[in-house]
Amino acid sequence: MRILIHTQKGGVGKTTTTLNLAAALLRQGQARHVLMADLDPQQHLTAMVVTDPAQGESAQALPVRGEPGLFLAKARPDAPDAGFPDFPSDPDAWVFLDTAPGWSPAIARAAQEADLVLCPLEPDFLGLSGVGRLLQRLEDLGTGRDRLRFLLTRYSARLALHREVRQRLQAQFGDMLLPVEIRNSVRLAEAPGMGMTIFAHAPASTGCDDHRTLASALSGTHRHKRTAA
Ligand SMILES: Nc1ncnc2c1ncn2[C@@H]1O[C@H](COP(=O)(O)OP(=O)(O)O)[C@@H](O)[C@H]1O
Ligand SMILES: [Mg+2]
């Protein structure tokens, strides 16, 4: 399962989602191996984890300390058009590509190779404004809407604006909007500073619940894909 995590905007939770969704899939046993590739030249994902030196098989994939089954492939500034890395040890691995904001030829190619394009959005009107452009770009590539999923992040149900944006997305996009929101949580914002996933940093937090629910929703999509294949 190859998932491209992409939004036109920065600071919407792409990297936070990549790391904590990967950790949730492994902890719930929905994946045995997850490789996260950091395609952002700013290397935020790389900065969020502690890696051990590679052993043998793939020099590109470094084990993440304290998270069995989780691997990181660092951004390669020398290869700006790099796409999904190979992960030879496990054909059933999940591979996430965490990207920088903004469209690029590398992202276009990755979108064509991906099983799913996951688009995190903050529930405000600026967050919504890039959605139409992203859809158009995917359609230009011949990548159907059925592979695109929206995920609301930093969500607060008590804010009327957030509820309204969610309703609009649901009305316009139906099942393309994932049936889970990542709630706003100071614990999620703290964890990267400790080099930890949310599960290691605050095991009883809403951030854990939300990423577990997200992992289950995406595993359903994955099973569907495998049955159809
Ligand atoms: N659900 C959330 N609640 C609170 N803070 C969050 C949440 N998701 C992300 N953040 C914080 O927002 C900032 C941007 O998140 P990040 O994942 O780096 O976004 P992106 O990769 O899209 O640029 C980070 O400081 C992160 O810790
Ligand atoms: Mg990022």
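The values are calculated or read from the model by the stated rules, or taken from the named source; none is laboratory data. What you see is a predicted model, and the numbers here were worked out from it, not measured in a lab. Virtual Cβ from ideal backbone geometry, glycine too; neighbours counted across all protein chains shown.
Observations
- As a summary of the residue check, Thr153 satisfies the conditions (1) without any contact (Cβ under 8 Å) to a residue 40 or more places away in the chain; (2) crowded, with 20+ Cβ neighbours inside 10 Å except for the one numbered (1).
Yes/no per residue for (1) away from ligand 2 (no atom under 16 Å from the Cβ); (2) over 16 Å from Gln8 (Cβ atoms):
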site	(1), (2)
Gly130	no, no
Glu139	yes, no
Leu169	yes, no
Leu177	yes, yes
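- Summed over the stretch 9-37, residues that are more than 10 Å from ligand 1 (Cβ to nearest atom) and either part of a strand (DSSP E or B) or touching a residue at least 24 places away in the same chain (Cβ under 8 Å) (or both) total 16.
- Looking only at the stretch 186-198, and only at residues there that are surrounded by fewer than 21 Cβ atoms within 10 Å (Cβ to Cβ) and at pLDDT 95 or above, the one that is nearest to Thr17 (Cα to Cα): Ala189
- Scanning the stretch 189-209 for residues that are hydrophobic (A, V, I, L, M, F, W, C) and more than 23 Å from Thr221 (Cβ to Cβ) yields Ala189, Ala191, Met194, Met196, Ala200, Ala202, Ala204.
- Test: residue in the stretch 134-151 that is in contact with a Lys or Arg (Cβ under 6 Å, 6 or more places away or on another chain), closer than 20 Å to Ala189 by Cα and modelled with pLDDT of 95 or more: no
Residues are listed down the side, and each one gets a yes or a no for (1) more than 16 Å from ligand 2 (Cβ to nearest atom); (2) modelled with pLDDT under 90; (3) surrounded by fewer than 18 Cβ atoms within 10 Å (Cβ to Cβ); (4) of a type outside the set (Phe, Trp, Tyr):
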residue	(1), (2), (3), (4)
Gly10	no, no, yes, yes
Thr15	no, no, no, yes
Gln28	yes, no, yes, yes
Met48	no, no, no, yes
Arg65	yes, no, yes, yes
Ala73	no, no, no, yes
Phe96	no, no, no, no
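- Search result, residues across the stretch 174-199 that are under 19 Å from the mean Cα position of the chain (by Cα) and more than 16 Å from ligand 1 (Cβ to nearest atom): Asp175, Met176, Leu177, Pro179
- Being among the basic types (Lys, Arg), touching a strand residue (DSSP E or B) at 6+ places or on another chain (Cβ under 8 Å) and within 20 Å of Ala217 (Cα to Cα) is a condition met by no residue of the stretch 125-145.
- Looking only at residues in the stretch 32-46 that are surrounded by 23 or more Cβ atoms within 10 Å (Cβ to Cβ) and more than 9 Å from ligand 2 (Cβ to nearest atom), the one that is nearest to Gly69 (Cα to Cα) is Val34.
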